[in-house]
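As C-alpha cells, the structure follows; a few thoughts come after it.
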C-alpha cells in the first residue's frame, strides 16, 4: 500500500492530514510513515527467508533515531559508515552484534570505538586498513572481525556518483588483489577473517548485476570457506531501487530473491544484506509551502520554502522526485520548482508539467525518505527542517526544527 494517499482531496500520511501537520509543525517538514518502514522490511525479509538473512539497515539513508529504532524492533541490524552512525545505532538500541562498519577512511578513533563496542565485523576496504585494525585490536587486547570488501567490477547501471562496484571506484579491492588481501589478514594477530563483502551501488533497478557479481565472487568464497574456519559470512550489500515516478517499476524483492537465492544456497554461508533506500525512500515526504509564483516569457517559477539544503538529490544527481499538491487540483502549468538559496542549482524540479498551485499552497515532494534529511545542511544559514513520524493516527515529532539560536550554538568570538 502507499503510505501517502488523498482522502477527500487532501493528502494524508497514513491516517493524518498532511495539511494539518504542516499547519502545526511548519514547513519545510519531513514526514515519515512507520507502517511503510515496517512493510518494506518485512517484504524483503520474507522474500529472502530461505537463507535467513541478517538485514543491516543502511543508516546512511536515514539516520533518525526513531527510524533506526523502528527497524531494530523488527530485528534489523545496522550498516554504519562512521563513528557517529555507530553511536546513533547504539543510542537507538541496535545490539552491537548486529552492526557492521563500512567505509574507506576509518580513523583510529572510530576503529577503537567499534572494537570496544564489539561489533559484528568491519567491512575492510584496503590492505592498510587491515593493518590498522589489526594494530589497534592487538594494542587493546581484542580481536577485530573483518570481511574484506571485494569489488567485482560489475556495472549497476546507475548514476556515476552512486556506482561503487566498478573497477575505477574507490571502494574495496579487486578480485585479483583479494586473495593477497585475505592472506595478509590471516597473518595478523589481531584479526579474525569473518567473511566477504560486496556492494555494487544504488539505486539498482534490476537483479541481474547482483547475480553477475555473485558468480564472480563465488570461487573465492568457496576457497575461503574450505581453508578458513572462521569464514562464515557473505554480505551482498544493498542498493535495491525504488520507484521515483509512476512509470518506474521498483525492484521487486521476490524478483531479487529469485536471482540471488540459487547462488547463496550453493555457497551455504550466512547471508547479510544492507538495504537503505528500499526501506526508507518511499516512507518519507518533504512538505513545502509556495512563497511566490514568478512568471517569465518561457515558464513559471514556483518558489517554495524548501531548498537544496533540505533536499540535495535533485541538483546533485539530477534526480527526479514527484511533486504533488497537498490539496488536489486538476489544472496544470509548465514550470520549475525552486528554492530560495542563492544558487541556480537550487531546484526541486525543472521543466515539468506541474499541478497548478498558488502562493501559500502546500506541495509534497515524494520519495524523500532516503538521502533527504541526512544530506541536509545549513547553507545560507538556514535551519534544518523538523521531522515527524506517523503511525496510523498517531504523530510524534522525532526531530525538532532548528532555530536561529541553534545555528550559532557552539560558536565563539575570539577575545582579541
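Remarks
- Members of segment 3-18 that are touching a residue at least 40 places away in the same chain (Cβ under 8 Å) and under 17 Å from residue 286 (Cβ atoms): 3, 4, 11, 13, 14, 16, 18
- Among (1) over 20 Å from residue 6 (Cβ atoms); (2) touching a strand residue (DSSP E or B) at 6+ places or on another chain (Cβ under 7 Å); (3) modelled with pLDDT of 95 or more; (4) not assigned by TED's automatic domain parsing to the domain that holds residue 253, the one test that residue 374 misses: (2)
- Flag if residue 348 is within 17 Å of residue 311 (Cβ to Cβ), in contact with a helix residue (DSSP H, G or I) (Cβ under 9 Å, 6 or more places away or on another chain), touching a residue at least 24 places away in the same chain (Cβ under 8 Å) and buried (at least 21 other Cβ atoms within 10 Å of the Cβ): yes
- Test: residue in segment 185-200 that is at pLDDT below 95, assigned by TED's automatic domain parsing to the domain that holds residue 126 and over 27 Å from residue 111 (Cβ atoms): no
- The single condition among (1) surrounded by fewer than 23 Cβ atoms within 10 Å (Cβ to Cβ); (2) touching a helix residue (DSSP H, G or I) at 6+ places or on another chain (Cβ under 6 Å); (3) farther than 18 Å from residue 227 by Cα that residue 189 does not satisfy is (3).
- Single condition residue 321 does not satisfy, out of (1) in the same structural domain as residue 379 (by TED's automatic domain parsing); (2) within 21 Å of the chain's Cα centre (by Cα); (3) at pLDDT below 95: (3)
- Scan of segment 48-78 for residues that are over 21 Å from residue 375 (Cβ atoms) and assigned to a loop (DSSP other than H, G, I, E, B), ordered by number: 48, 52, 53, 73, 74, 75, 76
- In this structure, residue 45 does satisfy being closer than 19 Å to residue 253 by Cα, assigned by TED's automatic domain parsing to the domain that holds residue 122 and outside any strand (DSSP E or B).
- Segment 292-338, subset surrounded by fewer than 21 Cβ atoms within 10 Å (Cβ to Cβ) and touching a helix residue (DSSP H, G or I) at 6+ places or on another chain (Cβ under 6 Å), residue nearest to residue 366 (Cα to Cα): 319
The values are calculated or read from the model by the stated rules, or taken from the named source; none is laboratory data. Remember, it's a predicted structure, so these values are computed and weren't measured experimentally. Note: ideal-geometry Cβ built from the backbone for every residue, glycine included; neighbour counts use all protein chains shown.
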